[in-house]
Amino acid sequence: MEANRFVEGTGTYFVITGNKYFNITLKSSKTVHVFLESAPRMVSFIIESNNSVNSTLLTLSGFEPNVAYYRYQDGYLMENFTADSTGQYPYTQDIFQGHHVVIQEEISTLYISSDYTFTGDINETIVVTADNIVIDGTYIIEYYSVDIAGNEETVKSATAILVSFKVNSYLTDSDFNPITYFDVVFAKDKSGGYKLVATNPGQFYYLIEVINNWPIIIDSLIINASIPGDFVLKGAVPIHVYLDDVDITDLCTIDGTMIIVTNVPSRSVVYATIHLDYGLKGTVYASLDDFEMKGYICSVIVSGFSGSPSMSGEGLIGIYSSSATLIACKKKTTAIAGFVADVNGNPIVGITVRLFDSNGNLVTETVTDENGFYYFVDIEAGDYTVKVTYNGQTYTQETTVAENELAQVDFKIE
């Protein structure tokens, strides 16, 4: 796929040519859906999740040879690198959830994780890495604009109000009660195997909440959800969108699980509900042991822009994400299971999880999968200790599991 400023599509090869910024080529070892853009002094692309694979090898070409660059993902600095002598840069990109990647020549991020007072002009991108941090005020932003042909125009400036919003997401039952696991129910099949016939609860919803509590009208709010491949959208209209409890579904643009909401008022709340069904219903297994406990992650990336604030100036809005986990478990299973993630909610893959009995004896151990999920099944009811060691530090949690019940033990580690 080829274009002179940006390109969007599904495939393994994407090219931007005839551009005065970067003539960039992106090659992927796996089929991906990408929106790739060449902009002044940077390359930007959005890569969607792919439920069939965990990662892909990306090779970007067209950089200045032997020049240093910085790669950001979802607002976080991931690494600095030097393009090789041919202007190439290969790296492995995770795609179990969608990401926004920006590559630029200069580092330009200021991370804020506690109280912070600005004493002078701010020339960096600002990333907030903690909850309940408020950054308000009016700023002068300098930027490079481009004309319709993609040619860079002169440096311009605008007065901007820096704003943010909050994003939460949950998996719920049909009454919108939050859930973290569900039972799968089997029946004897005429072939002699076991057919997955139902789940408890029988219906699932992925509920996304976007809170705009600033005095800024959001012109365009983009909600991009990623649903695991074992789930399917349910019903003729599986997605509904509400603005302060008023159904505005018919006013939104919905494409798959991407939702675009326009003219979101200040100090308002947008809810999106995605109705899901378990796609493995009807599957026949030769033995009940053939069904393994599964851990799933639903995730969402929310971004937006405002150019019509209810106060003077322009409003800028960043990119925010949220996720929720769900465990599929056979009914009447005595088990311990959970997810291991970092403080930002990113799954930690391939880490060893150990299970100890009440006397401190090692019972068994396992490693986390691509979702950071682990499980111990067919264990005796009783008291246990679960341990995870990461970067030399051991994290410990104690739990009690009852007969025919699931005890969920999640880890958030640094």
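Among the residues of region 349-362, count how many are surrounded by fewer than 16 Cβ atoms within 10 Å (Cβ to Cβ) and either closer than 23 Å to L326 by Cα or of a type outside the set (G, A, S) (or both). Within region 349-362, residues that are surrounded by fewer than 16 Cβ atoms within 10 Å (Cβ to Cβ) and either closer than 23 Å to L326 by Cα or of a type outside the set (G, A, S) (or both) number 6. For region 193-210, check the following and say yes or no: at least one residue is within 19 Å of D245 (Cα to Cα) and at pLDDT below 90. Looking through region 193-210, none of the residues is within 19 Å of D245 (Cα to Cα) and at pLDDT below 90.
Name the single residue, out of those in region 199-221 being within 24 Å of L326 (Cα to Cα) and of a type in the set (A, V, I, L, M), that is surrounded by the fewest Cβ atoms within 10 Å (Cβ to Cβ).
Initial filter on region 199-221 (within 24 Å of L326 (Cα to Cα)): 199-211.
Checking the rest, the ones that are also of a type in the set (A, V, I, L, M) come to 207-208, 210-211.
On the way: L207: 17, I208: 25, V210: 26, I211: 15.
Top of the filtered list is I211.
Of all residues in region 312-335, those satisfying the criterion of being surrounded by fewer than 21 Cβ atoms within 10 Å (Cβ to Cβ) and either over 26 Å from M293 (Cα atoms) or at pLDDT below 80 (or both) are S312, G313, E314, L316, G318, I319, Y320. Taking region 179-271 as the region of interest, the strands (runs of 3 or more DSSP E) fully inside it that hold 1 or more residues being in contact with a helix residue (DSSP H, G or I) (Cβ under 7 Å, 6 or more places away or on another chain) and not assigned by TED's automatic domain parsing to the domain that holds Q408 are 181-188, 194-200, 239-243. Would you please list the contacts, defined by Cβ atoms under 7 Å and residues six or more apart or on different chains, that run from a residue in region 227-246 that is closer than 26 Å to V264 by Cβ to a residue that is assigned to a loop (DSSP other than H, G, I, E, B)? Every condition considered, the pairs that remain are I227/T257; V241/I248; V241/C252; Y242/I248. Whether any residue in region 386-403 is outside the structural domain of Q97 (by TED's automatic domain parsing), surrounded by 15 or more Cβ atoms within 10 Å (Cβ to Cβ) and not in a strand (DSSP E or B) is what I want to check. No, there is no match, as no residue in region 386-403 is outside the structural domain of Q97 (by TED's automatic domain parsing), surrounded by 15 or more Cβ atoms within 10 Å (Cβ to Cβ) and not in a strand (DSSP E or B). Before we move on, is S28 touching a residue at least 24 places away in the same chain (Cβ under 8 Å), farther than 24 Å from Y320 by Cα and surrounded by 14 or more Cβ atoms within 10 Å (Cβ to Cβ)? Spelling it out, S28 is indeed touching a residue at least 24 places away in the same chain (Cβ under 8 Å), farther than 24 Å from Y320 by Cα and surrounded by 14 or more Cβ atoms within 10 Å (Cβ to Cβ).
The residues of region 370-384 that are at pLDDT below 95, acidic (D, E) and either closer than 14 Å to G295 by Cβ or assigned to a strand (DSSP E or B) (or both) amount to a single one, E370.
When you look at G345, is it small (G, A, S), modelled with pLDDT under 95, assigned to a loop (DSSP other than H, G, I, E, B) and surrounded by 13 or more Cβ atoms within 10 Å (Cβ to Cβ), yes or no? Against the criterion (small (G, A, S), modelled with pLDDT under 95, assigned to a loop (DSSP other than H, G, I, E, B) and surrounded by 13 or more Cβ atoms within 10 Å (Cβ to Cβ)), G345 qualifies. Taking the criterion of being charged (D, E, K, R) and either under 26 Å from the mean Cα position of the chain (by Cα) or outside the structural domain of L406 (by TED's automatic domain parsing) (or both), the residues of region 348-385 that qualify are D369, E370.
The values are calculated or read from the model by the stated rules, or taken from the named source; none is laboratory data. Since the model is a prediction, treat every value here as computed from it, not as a measurement. Note that we place each Cβ from the backbone using ideal geometry, even for glycine, and neighbour counts take in every protein chain shown.
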